[in-house]
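Asks: Provided herewith is a single structure, encoded as structure tokens, for subsequent inquiry.
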Amino acid sequence: MDSHLNNTAMSCQTVNVSTGPVQISKQVLRALAAPPVSHRSPEFQKLHYNTTDFLCKQFKVEKTYLLTGSGTAANEAMIWQIKLLRGKGLILSNGEFGTRLIEQATRASLQFIQHKLLCGQGFELCAIENEIHQNEVTWILFCHCETSTGVVNDLDNISKICRRNDCLCFVDCMSTAGTQPLDLSSIAIATASSGKGLASVPGLAIIFSNIEIISSNQTPVYFDLAFNDNKDGIPFTISSNLLHALNVSMKQKLQQEQFELIDSYSESCHKLFSENDLLPFNNTRSKVFTISSPHVSTNTFINHLKREGVIVSYESEYLKKRDWLQVALFGYYKTAELDYMLKTLKKTMLASSATNICHNWL
């Protein structure tokens, strides 16, 4: 097939490079369309064990919990477990989702101090360690990748600081679980979602744990991970379709060839956006890029991409407020799809710039 026919065929469908819902495979769609089964059936229990066991091995954790809900629900369960530790914590924030963790922790009445930077700024490791020493901190909570900016925080070194200071490390991995190999063996609890880097549909909250779960009747029962343990991980209804879809997607996505493919095109995207002065933040290790341009109308840019069948993120409140859009490589992709996406981005930048120049002349 020549390049013209290939582009024509590709433009008849869409390439989803939004932060969610993400691009999913045909096999995942088939899993979603299968007849549902009871969450009390032996078939479901076997699928549940297969899924959680696979995730434990892939992320090198002792226990995986699945709850019906979004990534925010996973963070809620993590925060209620932190509450039972009763020590003073440190919450790091350098963007929208770090701030959301602070808000959730405040509602749960956690005792903590906050280390809050301007949106997109990077944390200094020595400043974090000083906060631990000065405030007798016993736990830290932060986002691995701050999705609102694409800035990746230094999980490896922050976890080393925690170990050195006998401090438990809790981390939101929504935008990194599934987009890169992750070793979470030194983390107390980490969270993820079926609808991000694991390339399934939204609906399952994922909690990875390496610590002994504390039980308390003060914890809302839905977020009580000890209650989950007592019910073999399935205390309430979970959709068999969502579980089946995640089981299929994770085995497709958590493969070296997918990591390498995403790495390669992430580098290409970073280079393209940087050369065109579109990146306000440092995104060299990220799989999500926040785009802002003083030269090109965001609406013009988005409309060009829509016409070409490339889906990006622009409707979240924090994006609309700042006139930003985002490109994220969270889904399950084939080389031809990402080739088309990259060519379309280049073509759209040229077209949007030309349109903007014409408007300025008029």
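Asks: Could you tell me which residue of the range 156-169 is farthest from residue 191 (Cα to Cα), considering only residues that are in a helix (DSSP H, G or I) and either touching a strand residue (DSSP E or B) at 6+ places or on another chain (Cβ under 6 Å) or open to solvent by less than 10 Å² (accessible area, probe 1.4 Å) (or both)?
Replies: Among those residues, the one meeting the criterion is 161.
Asks: Still on this structure, I have one more. Just need a number here: residues in the range 219-232 that are open to solvent by 10 Å² or more (accessible area, probe 1.4 Å) and either in a loop (DSSP other than H, G, I, E, B) or among the polar types (S, T, N, Q) (or both).
Replies: Count: 6.
Asks: Which one of the conditions (1) at pLDDT 95 or above; (2) touching a Pro at 6+ places or on another chain (Cβ under 9 Å) does residue 129 fail to meet, given that it meets all the rest?
Replies: Failing condition for residue 129: (2).
Asks: List pairs: first residue in the range 319-330 and within 20 Å of residue 176 (Cα to Cα), second residue open to solvent by 30 Å² or more (accessible area, probe 1.4 Å) and hydroxyl-bearing (Ser, Thr, Tyr) anywhere in the structure, Cβ distance under 8 angstrom, at least six positions apart or on different chains.
Replies: 325/314; 326/314
Asks: What do you reckon, is residue 213 open to solvent by less than 20 Å² (accessible area, probe 1.4 Å), touching a residue at least 12 places away in the same chain (Cβ under 8 Å) and in a loop (DSSP other than H, G, I, E, B)?
Replies: no
Yes/no matrix, rows are residues, columns are (1) in a helix (DSSP H, G or I); (2) closer than 30 Å to residue 67 by Cβ; (3) touching a residue at least 12 places away in the same chain (Cβ under 8 Å):
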{"position": "207", "(1), (2), (3)": "no, yes, yes"}
{"position": "217", "(1), (2), (3)": "no, yes, no"}
{"position": "234", "(1), (2), (3)": "no, yes, yes"}
{"position": "249", "(1), (2), (3)": "yes, yes, yes"}
{"position": "266", "(1), (2), (3)": "yes, yes, yes"}
{"position": "270", "(1), (2), (3)": "yes, no, yes"}
{"position": "274", "(1), (2), (3)": "yes, no, no"}
{"position": "281", "(1), (2), (3)": "no, no, yes"}
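Asks: Name every residue in the range 292-319 that is of a type outside the set (Asp, Glu), in a loop (DSSP other than H, G, I, E, B) and open to solvent by 20 Å² or more (accessible area, probe 1.4 Å), in order of residue number.
Replies: Matches in the range 292-319: 292, 293, 294, 295, 296, 297, 314, 316.
Asks: Scan the range 278-291 for residues that are surrounded by fewer than 19 Cβ atoms within 10 Å (Cβ to Cβ) and at pLDDT 90 or above and jot them down.
Replies: Once the filter is applied, which keeps residues that are surrounded by fewer than 19 Cβ atoms within 10 Å (Cβ to Cβ) and at pLDDT 90 or above, the range 278-291 yields only 280.
Asks: Among strands (runs of 3 or more DSSP E) lying entirely in the range 57-147, which contain 2 or more residues that are over 15 Å from residue 168 (Cα atoms) and out of contact with any Phe, Trp or Tyr (no Cβ under 6 Å at 6 or more places or on another chain)?
Replies: 63-68, 112-116
Asks: Of the residues that sit in the range 93-111 and are within 24 Å of residue 212 (Cα to Cα) and touching a helix residue (DSSP H, G or I) at 6+ places or on another chain (Cβ under 6 Å), which one is surrounded by the fewest Cβ atoms within 10 Å (Cβ to Cβ)?
Replies: Step by step, filter the range 93-111, then rank; the result is 108.
Asks: Does any residue of the range 189-204 turn out to be more than 18 Å from residue 70 (Cβ to Cβ), out of contact with any His (no Cβ under 8 Å at 6 or more places or on another chain) and either modelled with pLDDT of 95 or more or surrounded by fewer than 24 Cβ atoms within 10 Å (Cβ to Cβ) (or both)?
Replies: No, because not a single residue in the range 189-204 is more than 18 Å from residue 70 (Cβ to Cβ), out of contact with any His (no Cβ under 8 Å at 6 or more places or on another chain) and either modelled with pLDDT of 95 or more or surrounded by fewer than 24 Cβ atoms within 10 Å (Cβ to Cβ) (or both).
Asks: I would also like to ask the following. Here are 332, 340: which of them is in contact with a helix residue (DSSP H, G or I) (Cβ under 8 Å, 6 or more places away or on another chain) and part of a helix (DSSP H, G or I)?
Replies: Of the residues listed, the single one that is in contact with a helix residue (DSSP H, G or I) (Cβ under 8 Å, 6 or more places away or on another chain) and part of a helix (DSSP H, G or I) is 340.
Asks: Could you identify the single residue in 153, 130 that is under 26 Å from residue 260 (Cα atoms) and not small (Gly, Ala, Ser)?
Replies: Just one listed residue meets the conditions, 153.
Asks: Out of all the residues in the range 15-23, is one or more surrounded by fewer than 19 Cβ atoms within 10 Å (Cβ to Cβ) and either farther than 29 Å from residue 135 by Cα or at pLDDT below 95 (or both)?
Replies: yes
Asks: Let me ask something else. Of the conditions (1) of a type outside the set (Lys, Arg); (2) open to solvent by less than 30 Å² (accessible area, probe 1.4 Å); (3) in contact (Cβ under 8 Å) with a residue 60 or more places away in the chain, residue 47 fails just one. Which one is it?
Replies: Every condition holds for residue 47 apart from (2).
The values are calculated or read from the model by the stated rules, or taken from the named source; none is laboratory data. Everything numeric here is computed off the predicted structure, so don't read it as measured data. Cβ: placed from backbone, ideal geometry, glycine included. Neighbour counts: every protein chain shown. Protein only, heavy atoms only, side chains kept; ligands, DNA and RNA dropped before computing areas. Shrake-Rupley method; radii C 1.70, N 1.55, O 1.52, S 1.80 Å.
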